[in-house]
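The values are calculated or read from the model by the stated rules, or taken from the named source; none is laboratory data. As the structure is a computational prediction, the values presented were derived from the model and not from experiment. Note that each Cβ is placed from the backbone with ideal geometry, even for glycine, and that neighbours are counted across all protein chains shown. For accessibility, only protein heavy atoms count, side chains too; no ligands or nucleic acids. Shrake-Rupley method; radii C 1.70, N 1.55, O 1.52, S 1.80 Å.
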Amino acid sequence: MTSSIASCAENFFLPATAGQRYCMYHPAAGLPKAALLYVAPFGEEMNRTRRAAALQARALALQGVAVLQIDLYGSGDSDGEFRDASWQTWKQDLALAHAWLAAKTGRAVGLWGIRLGALLALDYAASAALPVARFVFWQPVLRGAVYLNQLLRLRLAGEMLAGGAAVDSRQLRAALREQAQEIGGYDISPAMADAIESLDAGKLAAPDAPVHWFEVVADAERPAPPPALQLADSWRARGVQVALQAVPDQPCWATQEIAECPQLRAATTAAIIGAIEAAASKAAATAEARNA
């Protein structure tokens, strides 16, 4: 992370269950027009996404959107070990950060989730004590079972390259039911694996706030993948305002080199600021009509 990004942010530790959580707050330029709580992706995807996420947070802050980034229990610079993290503890961390950001800005807070962070944001929002103003998703994981299987295959591929003993994904999943397994440099507990596997975005409560959904594609001619289109249509049928965009860019969460995702960030900023300005114009028109 460059010093220019870090110098604009406020770093602090938020007291929480079992220690403290590291937070980076990007204050809005001027009075905050909106607020967003960042929900990071899982494991190594979080590290690969750090720079693009920090650049996005700073860009939004300059446009009047305050952003809070939090390292959940056992991740980043927060207290705890990753193998001891639980889905429920992470939801409690989000509740703490949500309350802090709402009090700090006086604004209803939106949730910005990347990959598995989007699924965590959806699950958290279903029982959140505070309202959620909007959802912003970057390439959300829609089915936890599929994502967990991808993680297991990643471990198996690494073992094959290293010439290790060959096991299949079912055997590895069975071992993960018995004890924590190291996958991609992170020890995943049986409880965490079970929680991830059980989640399906299509079976969770539909979002009760507008959704800005971005899918990264290889080129501008490609649409968003069918599962994303289907779930977006399902939510629209239930009255949810969903803006789904396919954006040609690099998937920074999957690249070996650090990617900054300029097109994805530009599309995200334009969508959020556009929505805020549209809502402000509508409110002003309503007030003018009331006073006429």
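Full extension of the chain between residue 219 and residue 81 yields a length gain of 45.8 nm, computed as 0.36 nm times the residue separation minus the alpha carbon distance. In the context of the full set of protein chains, residues of the chain present 46 Å² of accessible surface per residue (probe radius 1.4 Å, heavy atoms only).
Residues considered: 27, 41, 248. Largest GNM mean-square fluctuation over the chain, using C-alpha springs under 10 Å, is found at 248. Straightening the chain between residue 288 and residue 167 buys 36.7 nm, computed as 0.36 nm per residue apart minus the Cα-Cα spacing. Amide H contacts of residue 141 (H built 1.01 Å from N, in plane; Pro and chain starts excluded): 115, 116, 118, 119 sit under 5 Å, all sequence-distant by 5 or more or on other chains. Dividing the summed helix terms, -39500 (n - 2.57) for each DSSP H run of n ≥ 4, by the number of residues in the chain produces a 222 nm estimate of -15000 deg cm²/dmol to the nearest 500.
Here the Gaussian network model covers the chain, with springs between Cα atoms less than 10 Å apart; of 107, 134, 222, 222 fluctuates the most.
Taking amide H atoms as placed 1.01 Å from N in the peptide plane, the amide H of residue 16 lies under 5 Å from those of 21, each 5 or more residues away in sequence or on another chain. Projected onto its three principal axes, the C-alpha set of the stretch 206-277 covers 39, 30, 21 Å, listed from the longest axis down. Karplus-based coupling profile of the stretch 40-45, in residue order and whole Hz: 6, x, 8, x, 5, 4, with θ = phi - 60° in 6.51 cos²θ - 1.76 cosθ + 1.60 and x standing for Gly or Pro. Solvent-accessible area of the chain (1.4 angstrom probe, protein heavy atoms only): carbon and sulfur portion equals 53 percent. I want to make sure I understand the PRE zone here: with the label point 7 angstrom from the Cα of residue 99 toward its beta carbon, which residues in the stretch 105-131 have backbone N atoms less than 12 Å away? Of the residues in the stretch 105-131, 129-130 have backbone N under 12 Å from the label point off residue 99.
Please work out the FRET efficiency for the pair residue 175 and residue 127, using the Cβ-Cβ distance as r and a Förster radius of 35 Å; give the result to the nearest 0.05. Result of the calculation: an efficiency of 0.65.
More than 22 angstrom separation, counting every C-alpha pair in the stretch 154-292; what % is that? The share of Cα pairs beyond 22 Å in the stretch 154-292 comes to 63 percent. Computed over the stretch 92-175, the convex hull of the alpha-carbon atoms projects to a mean area of 7.3 nm². Working from Cα pairs under 8 Å separated by at least six residues, relative contact order for the stretch 144-292 is 17 percent.
Ignoring the sites themselves, what is the longest stretch of the chain with no GluC sites (Glu not before Pro) in a DSSP loop and at most 16 other beta-carbon atoms within 10 Å? In short, 82-220.
Along the stretch 56-64 the Karplus relation, 6.51 cos²θ - 1.76 cosθ + 1.60 evaluated at θ = phi - 60°, assigns HN-Hα couplings of 5, 4, 5, 4, 5, 4, 5, 9, x Hz to successive residues, with x for each Gly and Pro. Result for the chain in a Gaussian network model with C-alpha springs under 10 Å: among 52, 18, 97, the largest mean-square fluctuation is at 18.
Which residue, chosen from 11, 176, 73, occupies the Cα position most advanced towards the positive end of the dipole of the chain, where the dipole is computed from +1 (Lys, Arg) and -1 (Asp, Glu) charges on Cβ about the Cα centre? The one lying farthest along the dipole's positive direction is 11.
The convex hull built on the alpha-carbon positions of the stretch 4-129 has an orientation-averaged projected area of 7.0 nm². The dipole here belongs to the stretch 142-292: it is taken about the Cα centre, uses +1 on the Cβ of Lys and Arg and -1 on the Cβ of Asp and Glu, and is about 460 debye. With N the number of residues in the chain, Rg(Cα) / (2.2 N^0.38 Å) evaluates to 1.02. Measuring between their Cα centroids, the stretch 213-248 and the stretch 27-92 lie 23 Å from each other. Compare the Cα positions of 228, 250, 207 along the charge dipole of the stretch 207-274 (+1 at Cβ of Lys, Arg; -1 at Cβ of Asp, Glu; about the Cα centre) and return the one farthest towards the positive end. Positive-most Cα among the choices belongs to 207. 3J(HN,Hα) couplings calculated from phi for the stretch 173-184 with the Karplus curve 6.51 cos²θ - 1.76 cosθ + 1.60 (θ = phi - 60°) are, in sequence order, 5, 5, 5, 6, 6, 9, 7, 4, 10, 7, 9, x Hz; Gly and Pro show x. Amide H contacts of residue 245: 213, 214, 215, each under 5 Å away and 5 or more positions distant or on a separate chain (H built 1.01 Å from N in the peptide plane; Pro and chain starts excluded).
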